[in-house]
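Everything below concerns the one structure shown next.
No value in this document is a laboratory result; all are computed from the given coordinates. Everything quoted here is computed from the prediction, not taken from an experiment. Ideal geometry is used to build each Cβ from the backbone, glycine not excepted, and the neighbour counts take in all protein chains shown.
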Amino acid sequence: MRFNEQYTVENHIISFFEHDLGYQYIKPEEFKKLREFDTEYLVLPLLRRAIKQINQIEDD
């Protein structure tokens, strides 16, 4: 059996973050659609939503 980093490491880590820590994984092709530029690593609407959720802030 050949070593496949995505199967042996990446998928397990993604699963751990999603199921055990409550993170939402966004696939690269979906994430690319959310950003305006290739150099944009923080998608502000998602960041704002996460900050509001963490701090339990409701929309005005």
| remark: All conditions in (1) of a type in the set (D, E, K, R); (2) part of a loop (DSSP other than H, G, I, E, B); (3) surrounded by 10 or more Cβ atoms within 10 Å (Cβ to Cβ) are true of Arg48 except (2)
| query | Is there any pair with a first residue in the range 19-41 that is within 20 Å of Gln6 (Cα to Cα) and a second that is of a type in the set (Phe, Trp, Tyr) and outside any helix (DSSP H, G or I) whose Cβ atoms are under 7 Å apart and which are 6 or more apart or on different chains, and what are they? | reply | none
| request: Please enumerate the residues belonging to the range 32-45 that are surrounded by fewer than 10 Cβ atoms within 10 Å (Cβ to Cβ), in contact with a helix residue (DSSP H, G or I) (Cβ under 9 Å, 6 or more places away or on another chain) and part of a loop (DSSP other than H, G, I, E, B). | output: Asp38
| request: Collect the residues in the range 25-60 that are aromatic (Phe, Trp, Tyr) and over 14 Å from the mean Cα position of the chain (by Cα), keeping them in residue-number order. | output: Phe37
| query | How many of the residues in the range 8-31 are part of a loop (DSSP other than H, G, I, E, B) and among the aliphatic types (A, V, I, L, M)? | reply | 2
